[in-house]
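The structure appears below as structure tokens.
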Protein chains: 2
Amino acid sequence: MPEWAAAEVAGLADRIPSVEARMRVVLRFARLNFESDTGGPFAAGIFERDSGRPIAIGVNRVVASGCSSAHAEVMAISLAQKALNTWDLGAAGLPAHQLAVNWRPCAMCYGAVLWSGVRSLVVAGSGPELEQITGFDEGPLSPRWADELTERGIEVVDGILREEACDLFRAFKAVARAVYNARQGRPG
Amino acid sequence: MPEWAAAEVAGLADRIPSVEARMRVVLRFARLNFESDTGGPFAAGIFERDSGRPIAIGVNRVVASGCSSAHAEVMAISLAQKALNTWDLGAAGLPAHQLAVNWRPCAMCYGAVLWSGVRSLVVAGSGPELEQITGFDEGPLSPRWADELTERGIEVVDGILREEACDLFRAFKAVARAVYNARQGRPG
């Protein structure tokens, strides 16, 4: 995680009760990440679903870490699992955990959510706007992506601060030097 | 990566020309991983596609590392990217890279393949046998999963040592103490 993030995490409230307030934290980290030139415009937070206690915040670190899997969701999930010393955030004895992220996860992070143990996924939006605004390839998802989550005990809460999230992607696009995705490696 | 893996990697040939020989390496690591009680029955290797030079081998480390994203494919991709100091294994100037894995990647690892920069994916098989034999939930994939890869410049080679892979899953199942997946965290 970038240096600025430690101070930001230390400054978080002990409890962040509403999903809107949690998404506001996520959007703040996403904005700081690209404004600080430390990664793409994506952040994700793991919170205790009922108490609102923040467990971990992750930001996109693909280029900085030289690792294509270092998306915000994978970072947040891994940091939370390290903090709680478990690979299953839904393990018996733990409070329910919620992942908040500033758009529907990409194909990889969608799968990472499935295996993380979180019981709740909060997204700012899930439509084509992210790809349309930024040009990031998000990869294919099953049309039943939300049903597949709920069938595994993971609720989906969509449309939290949707316009603010789109505004952030537009602000990123206005200053972005490059958008990396699978097609960059496409032959021909 | 587990301790035994370092010696195994050091013992690999400098060039492993055929996809069958590469899959045999993958199956050996997958078997050693569960027989050594260091993780699930999955391994993945990154090779230079044309020369057969092995770049990195990863094995499943979910329980050992306390990280639900530590699947074999993510491990192999991340180790190869670290070795080559790039988040894009398909970057200009690099030889084409191939990922070999002992079944079709799960929903998460499928996405990880998309963003890794590999130009080729070799799998032992892609049918329901893995889930049927082991009980692992692999998550939903688009029915166009292979087309979506080829459209992004990633060839798919299916059915390499398929029966050997199924035999390995049966051997795992015969000794497995627990199968962890999303449903373990399912309420009710």
With the condition kept exactly as written, say whether any residue in the range B:131-147 is under 15 Å from the mean Cα position of the chain (by Cα) and among the acidic types (Asp, Glu). yes
Does B:Val175 meet the test of being of a type in the set (A, V, I, L, M) and within 16 Å of the chain's Cα centre (by Cα)? no
How many of the residues making up the range B:86-98 are facing chain A (nearest Cβ under 10 Å) and more than 20 Å from B:Phe29 (Cβ to Cβ)? 8
Looking at A:Leu161 and the list (1) touching a helix residue (DSSP H, G or I) at 6+ places or on another chain (Cβ under 6 Å); (2) within 14 Å of chain B (Cβ to nearest Cβ); (3) of a type in the set (A, V, I, L, M), which single condition is not satisfied? (2)
Determine whether A:Met75 is in contact with a Lys or Arg (Cβ under 7 Å, 6 or more places away or on another chain), of a type outside the set (S, T, N, Q) and in contact (Cβ under 8 Å) with a residue 60 or more places away in the chain. yes
Just to be sure, is B:Ile46 hydrophobic (A, V, I, L, M, F, W, C), under 26 Å from B:Leu114 (Cβ atoms) and part of a loop (DSSP other than H, G, I, E, B)? no
Right, B:Pro54: touching a Phe, Trp or Tyr at 6+ places or on another chain (Cβ under 6 Å) and not β-branched (Val, Ile, Thr) or not? yes
Which condition does A:Gly52 not pass, out of (1) touching a helix residue (DSSP H, G or I) at 6+ places or on another chain (Cβ under 8 Å); (2) surrounded by fewer than 24 Cβ atoms within 10 Å (Cβ to Cβ); (3) in a loop (DSSP other than H, G, I, E, B); (4) within 14 Å of chain B (Cβ to nearest Cβ), if it passes all the others? (4)
Residues B:Gly66, B:Gly39: which one is closer than 25 Å to B:Leu130 by Cα, touching a strand residue (DSSP E or B) at 6+ places or on another chain (Cβ under 7 Å), without any contact (Cβ under 8 Å) to a residue 40 or more places away in the chain and within 14 Å of chain A (Cβ to nearest Cβ)? B:Gly39
Could you tell me whether any residue of the range A:78-85 is touching a Leu at 6+ places or on another chain (Cβ under 7 Å) and at the interface with chain B (Cβ under 7 Å from one of its Cβ atoms)? yes
Exception for B:Gly58 within (1) within 14 Å of another protein chain (Cβ to nearest Cβ); (2) more than 25 Å from A:Leu79 (Cα to Cα) falls at (2)
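All of the numbers you see were taken from the coordinates with simple rules; none came from a lab. This is a predicted model, so every value here is computed, not measured. Because the Cβ atoms are built from the backbone with ideal geometry, glycine has one as well, and the counts that use them run over all protein chains shown.
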